[in-house]
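All remarks here apply to the structure that follows.
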Amino acid sequence: MISQEIKQNLTQSSWIRKMFEEGQRLKAIHGADKVYDFSLGNPVIDPPKEYFEALKNYAHNPISGGHSYIPNQGLVEAREKVAEHLGDRYGDIGVSHESVIMTSGAAGALNVALRSILNEDDEVIIFTPFFVEYKFYVNNAKGKAVYVPLAEDFTIDLDKLAEHITGRTKAVILNNPHNPTGQLLTQEDLEAFNSLLREKETEHEAMIHVLYDDPYSQLIYDYDAPNPFKAIDRLFYVSSFSKDLGLAGERLGYLAIDSRMEDAGEYMAAFVFANRTLGFGNASVTVQRMISQLPTLTQEQAGYKERRNAMVEVLTDAGFDFVEPKGGFFIFPKSPLADDTAFCKLAAEKFNILLVPGSGFGREGHFRLSYSVSLEQIENSKEAFKALLQECKA
Ligand code: PLP
């Protein structure tokens, strides 16, 4: 009844999903306030008040015919808003409404990009640890995922990357700030990465695209945001309103390219076709309209920085070993037990702490926690984390 491939994937059901189910079970037994659930990357900060004002205004002044099909590329005013935002953020980068497509989240944009460029068995490089859905997206477009481990500090190991690039490499997915580690590559890192790709393109007479996945673009703490448009030549820039604006459930994202890039028009035509034929059609017209009415898409997300600081303090006090996160809302500490799955089981069963094993992200010996939770939960979990580490050391 079900395809072999889906059946196999279902039996290897995601760790995040398993932890979610375990959390529901534990909450039913102990009460929600006694369970420290750090397993999910769901934004906890609400959209800006201007978003709700725009919705209210719209409800009082609806547009007749305003909910019918729209062009698959998206509303011009939404694309203009995105182009203006990217221009303010990154300078003169050649992005106009014509080189932006509105998609169903960053996830939709990645699927559209991959579907547009991959032939069967073309290779796509994914750095590990990674956002697990990438492998399914590559698979959706009949490509072949090639995994390259990030260095110990979660920066790119250029020698390792070089070893994995072949004549079939069509794209590299780069997520910055990074899920699950919270690390941030600098401008120099991006430039060195780009130089290597250009060298390899010449060597293999190939075209290597960079799918720069940036849904955490405005969640960067104490560091300057790098400028991918200035560093990377063959850039497909992907982002969304899921995290920055807290609109994850509304499913609005976008894919932008520099209109001066060679073949920009052909790429955009392919994206629009893929957006339609993957079945997404156009991204939600109402959310596109609301976005275009916001005074700005720039958000200061002080709430996540506060949570990052609180979480770092809890883990440091308890004695965990981790690279301090610079962006996003995840931390990826070393597992105190060699078996990260056993560690996460112990944390859940004995201490009501829900974490996700690093092996679920393609990097064993670690665990991921999301600090996109209430500050209260972070603070209340302090003693439980201490006791957990003590138990592992005993
Ligand atoms: N890329 C990364 C690295 C993510 O963490 C997520 C969501 O968690 C996505 C893409 C998908 O984002 P969206 O909700 O905008 O589709």
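For this structure, a couple of remarks:
- Test for Tyr304: is it in a strand (DSSP E or B), under 16 Å from the mean Cα position of the chain (by Cα) and modelled with pLDDT of 95 or more: no
- Sub-6 Å Cβ pairs linking a first residue in the range 121-135 that is not assigned by TED's automatic domain parsing to the domain that holds Asp153 and small (Gly, Ala, Ser) to a second residue that is within 11 Å of the ligand (Cβ to nearest atom) and not in a loop (DSSP other than H, G, I, E, B), at least 6 apart or interchain, number zero.
- Asn282 being within 16 Å of the ligand (Cβ to nearest atom), assigned to a helix (DSSP H, G or I) and crowded, with 18+ Cβ neighbours inside 10 Å: no
- Matching residues in the range 196-239 - criterion: being of a type in the set (Ser, Thr, Tyr), out of contact with any Ser or Thr (no Cβ under 8 Å at 6 or more places or on another chain) and within 16 Å of the ligand (Cβ to nearest atom): Tyr212, Tyr216, Tyr237
- In this structure, Gly87 qualifies as free of Cβ contacts under 8 Å to residues at least 12 places away in the same chain and within 26 Å of Asp258 (Cβ to Cβ).
Yes/no matrix, rows are residues, columns are (1) among the charged types (D, E, K, R); (2) assigned by TED's automatic domain parsing to the domain that holds Asp244; (3) within 30 Å of Ser374 (Cα to Cα):
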residue	(1), (2), (3)
Glu262	yes, yes, no
Met268	no, yes, no
Val272	no, yes, no
Arg308	yes, no, yes
Thr316	no, no, yes
Val323	no, no, yes
Lys326	yes, no, yes
Phe329	no, no, yes
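- Filtering Glu133, Glu191 for residues that are away from the ligand (no atom under 16 Å from the Cβ) and among the acidic types (Asp, Glu) leaves a single hit, Glu191.
- In the range 30-40, the count of residues that are within 26 Å of Ser381 (Cβ to Cβ) and polar (S, T, N, Q) is one or more.
- Filter pass, Leu185 being buried (at least 20 other Cβ atoms within 10 Å of the Cβ), among the aliphatic types (A, V, I, L, M) and assigned by TED's automatic domain parsing to the domain that holds Val138: yes
- Filter pass, Asn61 being loosely packed, with under 15 Cβ neighbours inside 10 Å and either in contact with a Lys or Arg (Cβ under 7 Å, 6 or more places away or on another chain) or free of Cβ contacts under 8 Å to residues at least 60 places away in the same chain (or both): yes
Condition check ((1) outside any helix (DSSP H, G or I); (2) over 30 Å from Asn380 (Cα atoms)) across all residues:
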site	(1), (2)
Ile6	no, yes
Asn9	no, yes
Phe20	no, no
Arg25	no, no
Ala28	no, no
Asn42	yes, no
Ile45	yes, no
Phe52	no, yes
Ser64	yes, yes
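- Members of the range 156-181 that are part of a strand (DSSP E or B) and within 21 Å of His366 (Cβ to Cβ): Ile173, Leu174, Asn175
- Reported count of residues in the range 335-382, each being in contact with a Gly (Cβ under 8 Å, 6 or more places away or on another chain) and among the aromatic types (Phe, Trp, Tyr), is 1.
- Qualifying residue in the range 94-113 (condition: within 16 Å of the ligand (Cβ to nearest atom), over 16 Å from Met268 (Cβ atoms) and in a loop (DSSP other than H, G, I, E, B)): yes
The values are calculated or read from the model by the stated rules, or taken from the named source; none is laboratory data. Computed from a predicted model, the values in this text were never measured in an experiment. Quick reminder, even Gly has a Cβ in these numbers, built from the backbone with ideal geometry, and neighbours come from all protein chains shown.
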